[in-house]
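Scroll down for the structure; my scribbles are underneath it.
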Amino acid sequence: MLPNPGNIKALAMDLDGTILAPGAVLTERTARAVGKCIDRGLKIIIATGRSIDSAEPFRSALGASGPMVYFNGALVAEMPGGKILKTTLLDTKAVETCVDISRETGTFFQVFFLVEGKEKRLILAAELDGEEREMYHRHTGVVSELGDLKEALCRFPGSCVKAMFLAEPEQQAVLRPRLEERLGGSIYVTQTFRNFLEIMDAKVSKGEGLKFVLETLSLKPEETIAFGDEENDIPMLDAAGFSVVPSNAKNAVKARAGLVVGADSEDGVAAFLEEYFNF
């Protein structure tokens, strides 16, 4: 049963495949619906696998502010401004093992480093220059710097926020057992896009990120609705009081949802918000 709209104070929203239409497009209808939620006093919590820079055009267009969840929960930042509130970093040796697996299998692999300086900044590094690198650039607006990843790990020890393989699902089916065999429970592995297999510390998830944000905002899970479509969204859906997923979501995700709405291509989440809050 849907919660009373008057009891809802926050909406936790995945981007790709959920509130963004195919091609990573924020439609006018969705932007308008989310804007009306903000006007109503609701907190919009973006929870994405993307980096801050990659998600920022959408956050800015929506006008959402406050703590946001990035890198599947490995980093929480106050927006706008980008003040980092929480990070959970990957063990360097675990990343070295991932580099070994990428070299053994010839799979494109890249690493996000959170580098200290006058201000913290993110660097994306990879070893291979190919169609995967260009595809990621087109999808996110972020391009990787090329170089030896083992050397990068020596230059930036203990600073890896997220690593990821860019591989087709059938190749991911080969990678996952190798990762499990060599790294076991020390890492969190999740698919976030058709060909994105992402690696974070085992303590990371969108669910943990959402819990941290709710505590920061003094909000309760039952005052929150979460929206997502992929494997990496399941912990967030479980952490919220109620969950809504678009019909394009994976079956395993739909099985955990309180409600299935129209697809991302149909502005399904926007249509739900309009009806639910009577806009």
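All of the numbers you see were taken from the coordinates with simple rules; none came from a lab. This is a predicted model, so every value here is computed, not measured. For neighbour counting, all protein chains shown are included, and Cβ atoms are generated from backbone atoms with ideal geometry for every residue, glycine included.
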Trypsin sites (Lys or Arg not before Pro) in the range 171-258 lying in a DSSP loop, each with at most 14 other Cβ atoms within 10 Å of its Cβ, come to Arg194, Lys203
Assigning unit charges at the beta carbon (Lys, Arg +1; Asp, Glu -1) and nothing else, what dipole magnitude in debye, to the nearest 20, does the chain show about its Cα centre?
780
Taking H as built 1.01 Å from N, whose amide H comes closer than 5 Å to the amide H of Tyr188, not counting residues under 5 places away?
Met200, Asp201, Ala202
Normalising by the residue count of the chain, find the relative contact order in percent from Cα pairs under 8 Å and 6+ residues apart.
22
Which trypsin sites (Lys or Arg not before Pro) from the range 6-102 combine a DSSP loop assignment with at most 15 other Cβ atoms within 10 Å?
Arg40
Normalised by the residues of the range 92-201, what does the relative contact order come to in percent, with Cα pairs under 8 Å and at least six apart?
29
HN-Hα couplings for the range 240-254 via Karplus (6.51, -1.76, 1.60; θ = phi - 60°), in whole Hz with x for Gly/Pro, come out as 8, x, 8, 9, 10, 10, x, 5, 7, 5, 5, 4, 5, 6, 4
Dipole of the range 126-191, positive direction: furthest Cα of Pro157, Leu175, Met135, with charges on the beta-carbon
Pro157
Percent of beta bridges antiparallel (DSSP, the chain, rounded to nearest 5):
65
The farthest towards the positive end of the charge dipole of the range 17-150, of the residues Ala126, Gly35, Gly23, given +1 on Cβ of Lys and Arg and -1 on Cβ of Asp and Glu, is Gly35
Please list, in order, the residues from the range 16-43 whose amide nitrogen is less than 14 Å from a point placed 7 Å along the Cα→Cβ vector of Arg194.
17, 22-24
Output the pairs from Lys86/Lys220; Lys9/Lys162; Lys93/Lys211 with a Cα-Cα distance over 23 Å in this structure; if there are none, say none.
Lys9/Lys162; Lys93/Lys211
For the chain, built as a Gaussian network whose Cα springs stay under 10 Å, the top-fluctuating residue of Leu122, Leu15, Leu75:
Leu122
Among DSSP bridges having both ends in the range 92-201, what percentage is antiparallel? Round to the nearest 5.
90
Which of Glu127, Glu28, Glu181 moves most in a GNM of the chain, Cα contacts under 10 Å?
Glu181
Report, in degrees rounded to the nearest 10, the 0 to 90 angle that the Cα long axis of helix 131-140 makes with the longest principal axis of the chain.
30
Quick one: 3J(HN,Hα) in Hz for the range 165-178, Karplus 6.51/-1.76/1.60 with θ = phi - 60°, rounded, Gly and Pro as x.
9, 9, 8, 5, x, 5, 6, 4, 5, 7, 5, 4, x, 5
Charge dipole magnitude, Cβ of K and R +1, D and E -1 - the range 1-152, Cα centre, debye nearest 20:
1080
I need the phi-derived Karplus couplings for the range 202-213: 6.51 cos²θ - 1.76 cosθ + 1.60, θ = phi - 60°, integer Hz, Gly and Pro marked x.
4, 7, 8, 5, 5, x, 5, x, 5, 4, 4, 5
If you line up the long axis of helix 28-39 against the longest principal axis of the chain, both from Cα atoms, how many degrees apart are they, to the nearest 10?
70
